[in-house]
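Here the structure comes first, spelled out in structure tokens, and everything after it is commentary.
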Amino acid sequence: RNCDTAVHSTSLLGEFVHSGFNTLANHITKQRKDQEDLHFETHKQHLEMFRGLYLSLGELAHKKDKRIEEIDRAIQQSHIQQELAAETLNPNAKKYSDAKKELLRVRDDVEDDLNELKEKAQLALNNFAISEKALCEAGFNFIHPTVEQQEQELELKAKMVEYKAI
């Protein structure tokens, strides 16, 4: 009789331990699923933040490129004026020389800003690689911000060509 009671107690204790482990396993599985969902949402938020940053940096870089082109034209014009003034012994030749030096300095500053923007964009792109991989593995379809930025740039160039044609 004692043996039967011990066997019964042991089987009840075994069921209790088994039930506890099953509950614990279910809890851990639920926690893992919640954590995966949280990671996925975090990666989606990172995508949106990266998209905004990358598109803004692309737009700023485009504006800086245009500014450099404008400065280059102004430098050429200043150089031509300087040569004409020097040939005609015009006393304003020094003024054109100084203007050209100032334009070259401004161009260097704008070019430094542009390089800094490009470095920031590259750093952000490198940092996004983890989220990009995770989103692709999860089967989340999205248009990569670099593709969006290139499409925006092409649209803008097409509009400019169309505008110049008018």
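The values are calculated or read from the model by the stated rules, or taken from the named source; none is laboratory data. The structure presented is a predicted model; accordingly, all values stated were derived computationally and were not measured. Quick reminder, even Gly has a Cβ in these numbers, built from the backbone with ideal geometry, and neighbours come from all protein chains shown. Calculation scope for accessible area: heavy atoms of the full protein, side chains included, ligands and nucleic acids excluded. Shrake-Rupley method; radii C 1.70, N 1.55, O 1.52, S 1.80 Å.
All conditions in (1) open to solvent by less than 90 Å² (accessible area, probe 1.4 Å); (2) modelled with pLDDT of 95 or more hold for VAL17, with the sole exception of (2). Residue count for region 115-155, restricted to those that are in a helix (DSSP H, G or I), surrounded by 14 or more Cβ atoms within 10 Å (Cβ to Cβ) and not acidic (Asp, Glu): 14.
The selection criterion, being in a helix (DSSP H, G or I) and within 25 Å of GLU155 (Cβ to Cβ), does not hold for LYS94. Would you check if there is a residue in region 120-127 being farther than 24 Å from LEU57 by Cβ and small (Gly, Ala, Ser)? Checked region 120-127: no residue is farther than 24 Å from LEU57 by Cβ and small (Gly, Ala, Ser).
Listed here are the residues, each with its yes/no results for (1) among the β-branched types (Val, Ile, Thr); (2) at negative phi; (3) at pLDDT 90 or above.
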{"residue": "ARG67", "(1), (2), (3)": "no, yes, yes"}
{"residue": "LYS95", "(1), (2), (3)": "no, yes, no"}
{"residue": "VAL110", "(1), (2), (3)": "yes, yes, yes"}
{"residue": "GLU116", "(1), (2), (3)": "no, yes, yes"}
{"residue": "PHE142", "(1), (2), (3)": "no, yes, yes"}
{"residue": "GLN150", "(1), (2), (3)": "no, yes, yes"}
{"residue": "GLU153", "(1), (2), (3)": "no, yes, no"}
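Against the test of being among the aliphatic types (A, V, I, L, M) and open to solvent by 90 Å² or more (accessible area, probe 1.4 Å), the options LEU47, LEU84, LEU55 yield a single qualifying residue, LEU84. Restricting attention to region 156-166, which residues are part of a helix (DSSP H, G or I) and either modelled with pLDDT of 90 or more or among the β-branched types (Val, Ile, Thr) (or both)? VAL161, the sole residue that qualifies.
Among the residues of region 87-112, those identified as open to solvent by less than 70 Å² (accessible area, probe 1.4 Å) and among the hydroxyl-bearing types (Ser, Thr, Tyr) are TYR96, SER97. Taking ARG32 as the residue in question, decide whether it is free of Cβ contacts under 8 Å to residues at least 12 places away in the same chain, farther than 30 Å from GLN150 by Cβ and not hydrophobic (A, V, I, L, M, F, W, C). So ARG32 passes the test. Only one of the listed residues (ILE68, ILE28) is touching a helix residue (DSSP H, G or I) at 6+ places or on another chain (Cβ under 6 Å) and of a type outside the set (S, T, N, Q). That residue is ILE68.
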